[in-house]
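Report on one structure; see the data block that follows.
The values are calculated or read from the model by the stated rules, or taken from the named source; none is laboratory data. These figures come from a predicted structure and were not determined experimentally. Here the Cβ positions follow ideal geometry from the backbone for every residue, glycine too, while neighbour counts run over all protein chains shown. Each accessible area value is taken on the protein alone, full model and side chains, heavy atoms only, with ligands, DNA and RNA left out. Shrake-Rupley method; radii C 1.70, N 1.55, O 1.52, S 1.80 Å.
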Amino acid sequence: MAPSPLLYYITSRAAFPGDERARRFRLLEKIEEAAGCGIDYIQLREKDLPIRELESLAREAMRIVRDAPKKTRTEIRTALLINSRTDVVLAAGADGVHLPGDDVPPTDVRKAWKNGASQGDTSVLRSQLATSNRVDPLIAVSCHSLEEVIRAAASRATFAVFAPVFEKKDTPGIIPAGLDALHQACYASIPVLALGGVTLQNAESCMQAGAAGIAAIRLFQENDIAAVVRELHEH
């Protein structure tokens, strides 16, 4: 039996209707839903938020994820990653960071993580690291080619997110990489998740191309997550 795909929900509170308070409330509801339905990773990708508001949101999200019932196939709770901001990861006690392809290399993040836990006046930082319960952070890296995935693996990324695999309806001018490019990227030594236009109808083709799982915003955010997870795990 083939292993169940890794599932990565990427958040976008701006996609919810209403004012900022309503969107934030709906996002936290969706994070709670995802954490209780077998989603492996959640990326808090709210890049427009000021740092203090992002940190506050990350703390709330981390509390929800930590308290969610463990319904995954391995009884391991959902991991929360923060887009780009390692400082917010530490402040919120999150599990790791998602790095854009042009960001600092994962090796630098791991070095900062270890240094932060062992240098200077670190009583606050130590408590944050204890809250995250991780010796090493999870590090995802956005990639668009086999070369970028290989570079991410050499820099000790945990996994790569390869995009865009398919054309997205909101970005018709961007040429998708396609399944052949995804297949080539999956030869790298770290797991590769497929992102970009992934649906229930084409997710299986990503897995057949060698992807370890899928990452998505709309697929999870606009649907009943339990139903989506069930269907993806049945393939």
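Here is a yes/no grid of residues against (1) under 20 Å from I10 (Cα atoms); (2) of a type outside the set (A, V, I, L, M, F, W, C); (3) over 17 Å from the mean Cα position of the chain (by Cα):
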| position | (1), (2), (3) |
| --- | --- |
| G173 | no, yes, yes |
| G178 | no, yes, yes |
| V198 | yes, no, no |
| S205 | no, yes, yes |
| A209 | no, no, yes |
| I214 | yes, no, no |
| F220 | yes, no, no |
| D224 | yes, yes, yes |
**Report entry** Exclusive hit being over 24 Å from L28 (Cβ atoms) and either open to solvent by less than 20 Å² (accessible area, probe 1.4 Å) or modelled with pLDDT of 95 or more (or both), set V149, V104, V135
**Finding:** V149
Query raised in the report: Which members of the range 180-229 meet the condition of being in a helix (DSSP H, G or I), open to solvent by 40 Å² or more (accessible area, probe 1.4 Å), of a type in the set (S, T, N, Q) and out of contact with any Leu (no Cβ under 6 Å at 6 or more places or on another chain)?
Result: Q208
Requested in this report: Test V141 against the stated conditions and say whether it is among the β-branched types (V, I, T), buried (at least 22 other Cβ atoms within 10 Å of the Cβ) and more than 19 Å from I82 (Cα to Cα).
Outcome: no
Query raised in the report: Can you tell me which residue in the range 1-11 is most open to solvent (accessible area, probe 1.4 Å), limited to those that are out of contact with any His (no Cβ under 6 Å at 6 or more places or on another chain) and of a type outside the set (F, W, Y)?
Result: M1
Requested in this report: Identify the single condition in (1) closer than 24 Å to R230 by Cα; (2) modelled with pLDDT of 90 or more; (3) surrounded by fewer than 16 Cβ atoms within 10 Å (Cβ to Cβ) that K70 does not satisfy, given that it satisfies every other one.
Outcome: (2)
Query raised in the report: Which is modelled with pLDDT of 95 or more and more than 25 Å from E148 (Cβ to Cβ), of L200, L219?
Result: L200
**Report entry** V165 being under 22 Å from E222 (Cβ atoms), crowded, with 16+ Cβ neighbours inside 10 Å and modelled with pLDDT of 95 or more
**Finding:** yes
Report summary line: When restricted to E55, E46, E60, E29, the only residue among the acidic types (D, E) and either loosely packed, with under 14 Cβ neighbours inside 10 Å or in contact (Cβ under 8 Å) with a residue 40 or more places away in the chain (or both) is E29
**Report entry** Among (1) under 30 Å from R63 (Cβ atoms); (2) aromatic (F, W, Y); (3) open to solvent by 10 Å² or more (accessible area, probe 1.4 Å), the one test that F159 misses
**Finding:** (3)
Report summary line: Considering residues that are more than 16 Å from G213 (Cα to Cα) and open to solvent by less than 70 Å² (accessible area, probe 1.4 Å), the number found within the range 169-179 is 3
Query - Criterion (in contact (Cβ under 8 Å) with a residue 60 or more places away in the chain and either within 21 Å of E231 (Cβ to Cβ) or open to solvent by 20 Å² or more (accessible area, probe 1.4 Å) (or both)) met by exactly one of A14, A34 - result: A34
Query - Residue within the range 85-96 that is modelled with pLDDT of 90 or more, open to solvent by less than 50 Å² (accessible area, probe 1.4 Å), among the basic types (K, R) and within 25 Å of I190 (Cα to Cα) present - result: no
